[in-house]
Structures are given as structure tokens and as C-alpha cells.
Amino acid sequence: LTVGGTYHSRTKLSDMVANGASITMIMGGTPMTMDGTMTVKNFQWPQTFAFGLSYQASEKLQLAADYKRIGWASVMKDFQMTFVDSASGGDLSITFNQNWVDQNVLMMGLGYKLTPAFTLRAGVNIANNPVPDFYMNALFPAIEKNHTTAGFGYSFSKASTLDFALTHAFEVTATN
């Protein structure tokens, strides 16, 4: 039995600035394009903690389970960006309310050695949707929850392996 854990702190990123950005607005039915600087303000990656277990059930079968808690609520309350027009100096500030909730993720998998060199693998990932329907936004379609995985590994030697994995995310629908 192997037990492990990890912690990733919330990031402290600077604002993301894109010089040479352009936006097109429709004014009175006429498209108007402006060039300038786009800034995404205070966009951070959340704190995450996780722990897991791996159990070598037999010489051929290995089982694993992990739990992860992703702290979206503290970093996705809103999404703020500004655009400053390079010609006029005028600015546009936009705030999208997000109000995401923290996410719980349970992952389980197994590996089965068919031969000493060839291992088959399969797994599932089950999670809650952190994005409330009311605040669903096409800019943040991060609503995938459950996944299945399948794969294999082939060991050419102790230092050389080839691994392949395929992940399928099930369709999720949210309405705003």
C-alpha cells in the first residue's frame, strides 16, 4: 500500500496584458474596430489539495484511488478585464460574475499486467460541476465533470516504456 498527498497553493500572478489587441464593437449598426491594450486582472489558479492510495493487490493487479479538492470559489468570484484604446485613450472595463463553487474530484483506476512487459489500464474521474448554471458563460465552458480512461503501457526495458492513454469526457449541458 502506498499513500501520498499534495498541496498546490493559490497562484500570485500579475495581471495579464496583451498589447496590440483589437476589439470590434457595433455602433448604430456599423462595426467599429479599435486597437489597444487588453488586460485581464487578477486571474489566479486556485489552491488544490489531494491525497491518494495505491494498492498492489497481486503481482499483476494494481488499484489506485485519489481525491482532489480544487478551491475555485476563492479565485472565480468574477472575471475582470479592461481594454484601453490606443488612439483615444478611452477605456472599457468588463466584469463577469462567476461565483464558482469548490470542486471535489474522485479518481479511481487500475492497471493489469497481461505480461511482464504489457500493462492494460482503465480509470474513472467523477467530479461536481464548479460552474453555477446562472453564471454560465461561453467564455468559461469549464463544465466537464466525469471522464473515463483506457490505455496501455509496454516496457521495452527498465529504462524505456511506451504508454498510450485515451480519455473520454461525457457531455454535460448547462443552461443560462
Assuming R0 = 30 Å, can you tell me the calculated FRET efficiency for the pair A87 and N128, based on Cβ-Cβ distance, to the nearest 0.05?
0.05
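When ligands, DNA and RNA are left out and all protein chains stay put, how many square angstrom of accessible area per residue does region 18-169 have with a 1.4 Å probe?
Counting only protein heavy atoms, the per-residue value for region 18-169 is 61 Å².
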Counting Lys and Arg as +1 and Asp and Glu as -1 over every other residue whose Cβ sits under 10 Å from the Cβ of V172, the net charge comes to -1
Along Cα→Cβ, 7 Å out, is where each label goes; now give me the distance between the ones at T33 and L114 in nm to one decimal.
5.4 nm
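Quick one: net charge around T37, please, counting Lys, Arg +1 and Asp, Glu -1 for every other residue with C-beta under 13 Å from its C-beta. Each step should come with its number before you reach the end.
Numbers: positive: K41; negative: D15, D35, D85, D91.
With Lys, Arg at +1 and Asp, Glu at -1, the net is -3.
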If r is the Cβ-Cβ distance from F43 to V101 and R0 is 25 Å, what FRET efficiency results, to the nearest 0.05?
0.90
Grab the eigenvalues of the alpha-carbon gyration tensor for the chain, scale each by 5, take roots, and send me the semi-axes largest first in whole angstrom.
44, 19, 17
In a GNM of the chain with a 10 Å cut-off on Cα contacts, which of K68, K145, K113 has the highest mean-square fluctuation?
K113
Portion, in percent, of the accessible area of region 1-116 that falls on carbon or sulfur, probe 1.4 Å:
59 percent
All-pairs Cα distance distribution in region 48-120, expressed in whole percent, bin size 10 Å:
16, 23, 19, 15, 13, 9, 4, 0
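The values are calculated or read from the model by the stated rules, or taken from the named source; none is laboratory data. Since this is a predicted model, take the numbers as computed values, not measurements. FYI the Cβ positions are ideal-geometry reconstructions off the backbone, even for glycines, and counts take in every protein chain you see. For the accessible areas, the whole protein counts, side chains as well, though only heavy atoms, and no ligand, DNA or RNA atoms are used. Shrake-Rupley method; radii C 1.70, N 1.55, O 1.52, S 1.80 Å.
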